[in-house]
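Below is one structure; the comments refer to it alone.
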Amino acid sequence: MNNDPKKRIQALKKQLAEYSYEYHVLDAPTQSDAVYDGLMSELKRLEADHPELITADSPTQRVGNEISKGFKSVSHVSRMLSLNDVFSEEDVSAWIVRIQKLLPHAKSFSFYGDVKKDGLACSLIYQDGVFTQAVTRGDGFKGEDVTDNVRTIASVPLRLRHVEATKVLIPGRLEIRGEIVMYKKDFESLNAARKKSGLDLYANPRNTAAGTIRQLDSKLVAERKLHFLAYDILPENARDMSTHSHVYSLLSDLGFKGAEYGAQLKDSKAIQTFIHTWSKKRDSLPYEIDGLVIKVDQRDLYDAAGVVGKNPRAAVAYKFPAEQSTTIVKDIFVSIGRTGAATPVAILEPVRVAGSTVQMATLHNDSEIARKDIRIGDTVIIHKAGDIIPEVVAPMVSLRSGTEKVFHMPKQCPECETTLTKEKEGEAVWRCPNVRCPARSQKHIEHFASKGAIDIDGLGEKNVVALIEAGLIKDQADIYALTYEQVRELDRFADVSAQKLITAIQEKKNPPLERFIFGLGIRHVGTQTAIDLANTFHSLESLQKAPLEDIASVNGVGEVVAESILAWFSDTTNQELLNKFKKLHVTAQHAKKAEGPLSGLKFVITGTLTNMSRDIAADQIRNKGGVFQSSLGKDTDYLVVGENVGASKLKKAAEYGTKQIDEATLHKMIA
């Protein structure tokens, strides 16, 4: 890892310049906006810590990029600025505090919010109400004259509407600023046509719109459906436009689209509601957005707050939690799971992705590490969507300093020093075969006590570790032999907490059969499979004695899972565990399968639910007779869409014809 800030800053500037050239000039980006933003954030942090290293060629010191060849360069009468990005509600609150300090004499002020259209920034010039010129943002000071191409866009009025509200604006020069976008449905149709013709597909609507506007043939531009969405008015002379709210109203009166989703926000609470609303509704828009714009509504106060560098102080761009970012791999260690799987895990420089801070990410296995060529010290791209486990997508080889280290899989288990093995030839996963490995035992106990299994309140990871280290438990059954006196002696417990834990354990001595089966940690047996096994065999003893063909015949089980179940019950260590449960009078009970209004209906949840956990929602669905599935299939009836949702499941649901519902609809169905 490169610890020299000067060298790191130079490497980041070089990489960002290349990405910026690809994006703004060639319209052929090789990385996502999230990756660019991640590297830019790192550069800003380094420059903030080392201001003496800031140079004029740093991308933090300018608004845009160079003008591409082929169009006449035009100077903007008023510089086109960009906005400071904020990435969390806490950032927004901090910005509001700064604005209040900047405007101490303002008796009161409100805010204005709008969706941040992801397109090509452009300025339209009107003279006495007639369209005369269109100029792209360019570097903020100068842009490209794209008048002929913009003239082909149907949503650009060639003559402004002359009504009572706009008549004062018509005379003289009037500038309208906005974004040129391509709607998602038109982008998909364009790509479908290109695929049919054997042509390369375009990457995204934003770059397709930008590339289209920069075509030298206006006829080609006219063939593609583009839209101009306005967001500001710059009159030649001062006019009565005291608020941004009024500006948005005037834009509609003048004949422009783009003001449909703007809203006046009276305070910070209203801003938070606006953010929550659009975090859920963003996919319903006909065009892509990459965030929200929040600004002081009163234009005189907006101007009074001033500009720092290239950013107005009185406005910010709230960016939706990115599903990708960049960070550095500090180290790689091997974690042993409850099935013995030895999984390499990356320790990362903390980075915020998809609304949460990520510090670790699974690397799956050593073959995957080698395939991606991930090294300790690498700058890497991280991907995370909603509740999905963070993934290291790829290393950024161009940022290597030469100090990175290749990872080698250890030959022995880091917990018990047993030689790691592979069960089958060609299998990717190394495993610790020692069933009494401390790491495996700990994970088995944690899994058994977890909410999805037996659900023993107060028996989380830290308490399990404390009990194991004190020599009080070695396996799942030992939990039921614990006494109040033993637990009370541990540092983590007092009188009340010790009694609570013992009571919680004793209350779960007759757990539901399906939860007990799942809690045993049999490889390949998930929650739904455990339910299907319980509903088929009705008792643990019947399942234990069942032949392979009977187990394999259970819906959704199959031969591989059946072999795993049979192997688990045949293992002498597991037989001893079950006998210990019997001696401690722990007996799983089978309840008749629930019937209800959801009988026969299958549900999948994607994203984060706000009013209940995924496990609770799954239980509620099952209690009403429904089936909760872990993955979307052609037989899935409903996809419940929460917050921070990735696009893959939504796309698959559309392909399968699966009905999509929100959390509120689910609540009504299970009420």
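The values are calculated or read from the model by the stated rules, or taken from the named source; none is laboratory data. What you see is a predicted model, and the numbers here were worked out from it, not measured in a lab. Every residue, glycine among them, receives a Cβ derived from its backbone with ideal geometry; neighbour counts consider all protein chains shown.
Check 428, 439 and return the single one that is among the hydrophobic types (A, V, I, L, M, F, W, C), closer than 30 Å to residue 380 by Cα, at pLDDT below 90 and surrounded by fewer than 18 Cβ atoms within 10 Å (Cβ to Cβ). It would help to see each step written out before you state the result.
Working: 439 fails: surrounded by fewer than 18 Cβ atoms within 10 Å (Cβ to Cβ).
Criteria check complete, one pass: 428.
If you go through segment 563-585 one residue at a time, how many are of a type in the set (A, V, I, L, M, F, W, C) and farther than 22 Å from residue 440 by Cα? Outline the logic, then answer.
Just the residues of segment 563-585 that are of a type in the set (A, V, I, L, M, F, W, C), to begin with: 565-569, 577-578, 581, 584.
Narrowing further to those that are farther than 22 Å from residue 440 by Cα: 584.
Residues flagged as of a type in the set (A, V, I, L, M, F, W, C) and farther than 22 Å from residue 440 by Cα within segment 563-585 amount to 1.
Within segment 153-266, which helices (runs of 4 or more DSSP H) (wholly inside it) include 1 or more residues that are within 32 Å of the chain's Cα centre (by Cα)?
Details: elements: 184-196, 205-213, 218-223, 244-254.
Filter on segment 153-266 gives 184-196, 205-213, 244-254.
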Quiz item: Out of (1) more than 30 Å from residue 75 (Cα to Cα); (2) touching a helix residue (DSSP H, G or I) at 6+ places or on another chain (Cβ under 6 Å); (3) not hydroxyl-bearing (Ser, Thr, Tyr), the odd one out for residue 94 is which?
Solution: (2)
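Identify, please: which residue in segment 651-668 is closer than 26 Å to residue 273 by Cα and crowded, with 18+ Cβ neighbours inside 10 Å and is, among those, modelled with the lowest pLDDT?
Checked segment 651-668; the qualifying residue modelled with the lowest pLDDT is 663.
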Exercise. Would you check if residue 573 is surrounded by fewer than 18 Cβ atoms within 10 Å (Cβ to Cβ) and touching a residue at least 60 places away in the same chain (Cβ under 8 Å)?
Key: yes
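Determine which member of the set 407, 448 is within 30 Å of residue 4 (Cα to Cα) and not aliphatic (A, V, I, L, M). Can you show your working first?
Numbers: 448 fails: within 30 Å of residue 4 (Cα to Cα).
Result: 407 is the single residue among 407, 448 that is within 30 Å of residue 4 (Cα to Cα) and not aliphatic (A, V, I, L, M).
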Practice problem: Give the residues of segment 69-93 that are small (Gly, Ala, Ser), closer than 13 Å to residue 272 by Cα and either free of Cβ contacts under 8 Å to residues at least 60 places away in the same chain or not assigned by TED's automatic domain parsing to the domain that holds residue 143 (or both), sorted by residue number. | Solution: none
Quiz item: For residues in segment 128-152 being part of a helix (DSSP H, G or I) and not aliphatic (A, V, I, L, M), which is surrounded by the most Cβ atoms within 10 Å (Cβ to Cβ)?
Solution: 149
Practice problem: Please enumerate the residues belonging to segment 535-553 that are without any contact (Cβ under 8 Å) to a residue 24 or more places away in the chain and either closer than 29 Å to residue 636 by Cα or aromatic (Phe, Trp, Tyr) (or both). | Solution: 536, 537, 548, 549, 550, 551, 552, 553
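Can you find a residue that is over 29 Å from residue 515 (Cβ atoms), polar (S, T, N, Q) and either part of a loop (DSSP other than H, G, I, E, B) or modelled with pLDDT of 95 or more (or both) anywhere in segment 445-456?
Initial filter on segment 445-456 (over 29 Å from residue 515 (Cβ atoms)): none.
Checked against the condition, which is being over 29 Å from residue 515 (Cβ atoms), polar (S, T, N, Q) and either part of a loop (DSSP other than H, G, I, E, B) or modelled with pLDDT of 95 or more (or both), segment 445-456 yields no hits at all.
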Quiz item: Going by the structure shown, is residue 332 closer than 25 Å to residue 15 by Cα and outside the structural domain of residue 443 (by TED's automatic domain parsing)?
Solution: no
Self-check item: Unmet criterion (only one of (1) in a helix (DSSP H, G or I); (2) closer than 25 Å to residue 168 by Cα; (3) of a type in the set (D, E, K, R)) for residue 269
Solution: (2)
Self-check item: Count of residues meeting criterion [over 30 Å from residue 482 (Cβ atoms) and either over 42 Å from the mean Cα position of the chain (by Cα) or not in a helix (DSSP H, G or I) (or both)] in segment 551-596
Solution: 10
Quiz prompt | Tally, over segment 612-650, of residues that are loosely packed, with under 14 Cβ neighbours inside 10 Å and closer than 22 Å to residue 514 by Cβ | solution = 7
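Has segment 597-616 got at least one residue that is under 22 Å from residue 539 (Cα atoms), within 27 Å of the chain's Cα centre (by Cα) and part of a helix (DSSP H, G or I)? Explain how you work it out, then say what you get.
So in segment 597-616, the residues under 22 Å from residue 539 (Cα atoms) come out as none.
No, segment 597-616 has no match at all.
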Quiz item: Given 534, 504, which one is in contact with a Gly (Cβ under 9 Å, 6 or more places away or on another chain), within 28 Å of residue 618 (Cα to Cα) and either assigned to a helix (DSSP H, G or I) or not assigned by TED's automatic domain parsing to the domain that holds residue 465 (or both)?
Solution: 504
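Can you go through 108, 155 and tell me which one is polar (S, T, N, Q) and within 16 Å of residue 251 (Cβ to Cβ)? Explain how you work it out, then say what you get.
Working: 108 fails: within 16 Å of residue 251 (Cβ to Cβ).
Exactly one of 108, 155 is polar (S, T, N, Q) and within 16 Å of residue 251 (Cβ to Cβ), namely 155.
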Exercise. May I ask you to list the residues in segment 3-36 that are in contact with a strand residue (DSSP E or B) (Cβ under 9 Å, 6 or more places away or on another chain) and at pLDDT below 85?
Key: 31, 32, 33, 34
